[in-house]
Amino acid sequence: MLAGRSNQFKWVLLGTLLVAVWLLGYVLIQQLDALLPASDAIDLYHRYAAPSAEFWLGKDELGRSVLRRVLSAVELSLMI
């Protein structure tokens, strides 16, 4: 009987740890998103720009920051 409770405790601890990591990841993504430049507007003059100090992953076909779009997608996925 004692072994069953020990196994159950491990699963509860694992679940608690996973929820804590999930929440920490969500908070970190929120903070990183706030630090990035807020240029999600279409900028056709800088389409497919290479990665730089300002835009770490470069820009997409409409001149938007790829990193900001990835973080927005991750944030949306974590909210669901």
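The values are calculated or read from the model by the stated rules, or taken from the named source; none is laboratory data. Every value quoted in this text rests on a predicted model; they were computed, and no experiment measured them. Cβ: placed from backbone, ideal geometry, glycine included. Neighbour counts: every protein chain shown. With ligands, DNA and RNA removed, areas are computed over all heavy atoms of the protein, side chains included. Shrake-Rupley method; radii C 1.70, N 1.55, O 1.52, S 1.80 Å.
You can think of it this way: the chain between L28 and R5 has 4.8 nm of extra reach, that is 0.36 nm per residue less the Cα-Cα gap. Between the helical axis of 66-79 and the longest alpha-carbon principal axis of the chain there is an angle of about 30 degrees. Accessible surface for the chain, divided over its residues, is 79 Å² per residue with a 1.4 Å probe.
For mean projected area of the Cα convex hull in nm², pick the label among [x] 5.5; [y] 6.9; [z] 5.2 that corresponds to the value derived from the coordinates. Here mean projected area of the Cα convex hull in nm² agrees with entry [y]. Computing the accessible area with a 1.4 Å probe over protein heavy atoms, can you report the carbon and sulfur percentage for the chain? For the chain, the apolar C and S fraction of the accessible surface comes to 70 percent. A cut-off of 5 Å between modelled amide H atoms, ignoring neighbours fewer than 5 places along the same chain, links G58 with S52, V66, L67.
Computed over the chain, relative contact order equals 24 percent, with contacts defined as Cα pairs under 8 Å that lie 6+ residues apart.
Could you work out the local net charge near D60, counting Lys and Arg as +1, Asp and Glu as -1, over the other residues with Cβ closer than 13 Å to its Cβ? Residues near D60 contribute +2 overall.
When only DSSP loop residues count, what chymotrypsin sites (Phe, Trp or Tyr not before Pro) in the chain have their Cβ near at most 16 other Cβ atoms within 10 Å?
Qualifying residues, ordered by number: Y48, W56.
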